[in-house]
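Some notes on the structure that comes next.
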Amino acid sequence: MIMALLLVATRALVPRTGRLASPLQAQRGAAACGRRITAACTAAGGAAPEDALRLEPSWARALAAECRQPFVAELNRFVDEERRRGPVFPAAERVFAAFDAVPFDEVLVVLIGQDPYPTPGHAHGLSFSVPHGVAVPGSLRNIYAELNRDLGVPVAPHGNLEAWSGQGVLLLNSVLTLRAGAPASHAGRGWERL
């Protein structure tokens, strides 16, 4: 299924741009991923309670009804408690990086992963992506190989997919956080509903 989604994404983007990312798009994606998320999930643009999840404004509006559900406050309390107990990935400011990188009305394709990488320094809020300087994970190597085999897209020498976000690819995990070293440790806690 991931390969099918990726091929749809690539066929949509490659004809438009001629490649997966231009330097300008890569810069735009990196800048979008780096800014602080400020709009509250529970109130598009309004003041938020201290425990509110925070989303990019267009996503806050799109998810406003869902984010008012009781499970969101429970999920937020759970993640806060997990962070008090030990390392949780990605870092708090990167949990919603996928949403911050691609505003709601700019999404062209959604590429869904399972949960963040559980290794320190690997998870940065985008499914299948790792920061520059981190070895390309096996799952992403497989994606690169399929892109190369099917469409002739050159295999990237790194695993950072921020440039894809700049082209409208929402790189979203079904579970947005996990305990360090413990894959699926936050599964079933509410992320899947959001």
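Each reported figure results from applying straightforward, stated rules to the coordinates on display, with no laboratory input. On a predicted model such as this, the values are computed, not experimentally measured, just so you know. Here Cβ is always computed from backbone atoms with ideal geometry, including for glycine, and neighbour counts include all displayed protein chains.
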Expressed in angstrom and rounded, the centroid-to-centroid distance over alpha carbons for the range 104-134 and the range 147-187 is 4 Å
Row for the range 90-162, column shape: gyration tensor on C-alpha, a ≥ b ≥ c, rounded if a/c < 1.5 i.e. under 1.5, prolate if a/b over b/c, else oblate; value oblate
For the Glu81, Asn148 Cβ pair and Förster radius 35 Å, calculated FRET efficiency rounded to 0.05 is 0.20
Counting sequence-distant residues (5 or more places) and residues on other chains, those with an amide H built under 5 Å from that of Val88 are Ala180
Per the charge dipole of the range 47-194 (beta-carbon charges, Lys/Arg positive, Asp/Glu negative, Cα centre), the residue among Val110, Phe89, Leu170 reaching farthest to the positive end is Phe89
Counting only DSSP beta bridges fully inside the range 82-194, the antiparallel percentage to nearest 5 is 40 percent
